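Below is one structure, written out as structure tokens, with a few remarks after it.
The values are calculated or read from the model by the stated rules, or taken from the named source; none is laboratory data. Here the structure is a predicted model, which means the values were calculated and not measured. Here Cβ is always computed from backbone atoms with ideal geometry, including for glycine, and neighbour counts include all displayed protein chains.
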Amino acid sequence: MVSCKFCKKEMLEADGCVRVQIPYTDEDPVRFGSETRFGDDFGQECVENPDRRCRDCGALPGKFHHSGCDIEECPVCGHQIISCECGDDE
């Protein structure tokens, strides 16, 4: 098991993470199920299946992803947050 460095909980067992401020924006982090890059069906699937967990970090729909999650989306550009270039100037 892996513990999250922010919420200190086991990532695959916790409902989700705490809200962690993204350094390069004042926008809220994108919650699991609200991602736009997967299309509308993805969010609807999460609404219809509230027990569905993020396949990478284990967050439940409507909860924040754990830091470093492959699925987490950048609220600025909409790409994968761990590989977007929005924070490169930081």
Of all residues making up the stretch 64-90, the number that are within 12 Å of residue 25 (Cβ to Cβ) and outside any loop (DSSP other than H, G, I, E, B) = 0
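Within the stretch 1-33, how many residues are free of Cβ contacts under 8 Å to residues at least 12 places away in the same chain and either of a type outside the set (Asp, Glu) or touching a helix residue (DSSP H, G or I) at 6+ places or on another chain (Cβ under 7 Å) (or both)?
Residues of the stretch 1-33 free of Cβ contacts under 8 Å to residues at least 12 places away in the same chain: 2-3, 8-10, 21, 26.
From what's left, either of a type outside the set (Asp, Glu) or touching a helix residue (DSSP H, G or I) at 6+ places or on another chain (Cβ under 7 Å) (or both): 2-3, 8-9, 21.
Number of matching residues: 5.
What number of residues within the stretch 74-90 satisfy the criterion of being of a type in the set (Gly, Ala, Ser) and either at pLDDT 90 or above or touching a strand residue (DSSP E or B) at 6+ places or on another chain (Cβ under 9 Å) (or both)?
First, pick out the residues of the stretch 74-90 that are of a type in the set (Gly, Ala, Ser): 78, 83, 87.
Narrowing further to those that are either at pLDDT 90 or above or touching a strand residue (DSSP E or B) at 6+ places or on another chain (Cβ under 9 Å) (or both): 78, 83.
Within the stretch 74-90, residues that are of a type in the set (Gly, Ala, Ser) and either at pLDDT 90 or above or touching a strand residue (DSSP E or B) at 6+ places or on another chain (Cβ under 9 Å) (or both) number 2.
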For the stretch 30-37, indicate whether the set of residues that are charged (D, E, K, R) and in a loop (DSSP other than H, G, I, E, B) is non-empty.
-> yes
Take the stretch 60-79 and flag every residue that is over 13 Å from residue 33 (Cα atoms) and either touching a His at 6+ places or on another chain (Cβ under 9 Å) or without any contact (Cβ under 8 Å) to a residue 40 or more places away in the chain (or both).
-> 68, 69, 70, 77
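Is it true that residue 54 is without any contact (Cβ under 8 Å) to a residue 24 or more places away in the chain and among the hydrophobic types (A, V, I, L, M, F, W, C)? Give the steps one after another, and end with the answer.
Values: without any contact (Cβ under 8 Å) to a residue 24 or more places away in the chain: yes; among the hydrophobic types (A, V, I, L, M, F, W, C): yes.
Taking the combined requirement at face value, the residue satisfies it.
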Out of the residues in the stretch 1-53 that are β-branched (Val, Ile, Thr) and exposed (fewer than 13 other Cβ atoms within 10 Å of the Cβ), state the one that is nearest to the chain's Cα centre (by Cα).
-> 36
Checked the stretch 1-33 for anything touching a Pro at 6+ places or on another chain (Cβ under 9 Å) and within 17 Å of residue 82 (Cα to Cα); matches are 17, 19, 20, 21, 22, 25, 27, 28, 29, 30, 31, 32
